[in-house]
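The values are calculated or read from the model by the stated rules, or taken from the named source; none is laboratory data. Quantities reported herein were computed from a predicted structural model and do not represent experimental measurements. Backbone-built Cβ (ideal geometry, glycine too); neighbour counts: all protein chains shown. Accessible surface is based on the protein model in full, side chains and every heavy atom, while ligands, DNA and RNA are left aside. Shrake-Rupley method; radii C 1.70, N 1.55, O 1.52, S 1.80 Å.
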Amino acid sequence: MTTATQMFLSSKSLINNPNNSVAGIMSDVELTSCSAMSRSFLLKAETNSNITKSASWNKYNQDLEKFVCRVEDCPKMSWRSLVCSRCGRIVKQNIAKLTCLSPYCRDDECIKNRVRIAQAYFEALKIKSPNLLHIIFGFAYINRFTDEEKEKQARVFSLLEKEMERLGTPLHMVAVRDIKEIDLKPLTPLYVHYHTANLPVKDWRKFRQNLYRAREKIIKKSGVEFSFKFKHYRNQRGLFKYFAHRVAGVFGI
Ligand SMILES: [Zn+2]
Ligand SMILES: [Zn+2]
């Protein structure tokens, strides 16, 4: 990471990565990582309802139906064994299970695969610093995470990257999107936030000051409110392990 780096990991981007070591059926439904349990019930509820009958809705409905089926079929998917390429004998049985890789899926093997894939992704970044600065960026509570919302947030990050560079304290970070569902806010329950791991900064006071300055300027310019919270330096391994679980849709860790 010699230049400012931002990677927005959704499970979708992980699944679509051809370098994944674990194959599985892909899902074309946009995937986010938090509150996967409740979201999967929501999906089912939507699939079963008959709100509108437009052509596009039907297409959406079919996709949802397919998606729900995949998640349900996940435990039945086959295991892969290690086979000798010369003689075809099984060297080691059931080393990995094929799974649906959806973050909504609660199957144990599927969760393990998702965590493994995410961890491999972070390892492949080959970041040398043993410690990274954990900063959380949060946006206003909403009731649906739409494409429009996603674009707004991406724009904030690109402005932030430019502004921090201009101020002489560039960001070098990896970001993972996380969505938390807050029951106490039934109308706008979704808190979309990003866990980011930043390379150590030389001048902490200046970096912090500039981040506050950049934030103010960007909120004025874009009209999009956001906040950030410093969570101290953390050991890279531990932090990426935490990130991998967020990406995989595993919570409470
Ligand atoms: Zn699964
Ligand atoms: Zn979070």
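The table below lists the values:
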| quantity | calculated |
| --- | --- |
| Filter result for the condition that a residue is touching a strand residue (DSSP E or B) at 6+ places or on another chain (Cβ under 7 Å) and acidic (Asp, Glu), over Asp178, Asp108, Asp73 | Asp178 |
| The lone exception for Val174 - which of (1) of a type in the set (Val, Ile, Thr); (2) within 16 Å of ligand 2 (Cβ to nearest atom); (3) in a helix (DSSP H, G or I) it fails | (3) |
| Subset of the range 146-169 that is open to solvent by less than 40 Å² (accessible area, probe 1.4 Å) and assigned to a loop (DSSP other than H, G, I, E, B) - its residue that is farthest from Phe207 (Cα to Cα) | Leu167 |
| Matching option when the condition is of a type in the set (Asp, Glu) and within 16 Å of ligand 1 (Cβ to nearest atom), among Asp178, Asp183, Asp107, Asp147 | Asp107 |
| Residue count for the range 95-109, restricted to those that are open to solvent by 10 Å² or more (accessible area, probe 1.4 Å), part of a loop (DSSP other than H, G, I, E, B) and not basic (Lys, Arg) | 3 |
| Any hit, the range 82-94, residues being part of a helix (DSSP H, G or I), among the aliphatic types (A, V, I, L, M) and open to solvent by less than 90 Å² (accessible area, probe 1.4 Å) | no |
| Candidate set: the range 78-101, residues that are under 19 Å from Val68 (Cα atoms) and at pLDDT 85 or above; chosen: the one nearest to the chain's Cα centre (by Cα) | Leu101 |
| Members of the range 193-227 that are at pLDDT 95 or above, in contact with a Gly (Cβ under 7 Å, 6 or more places away or on another chain) and buried (at least 18 other Cβ atoms within 10 Å of the Cβ) | Phe226 |
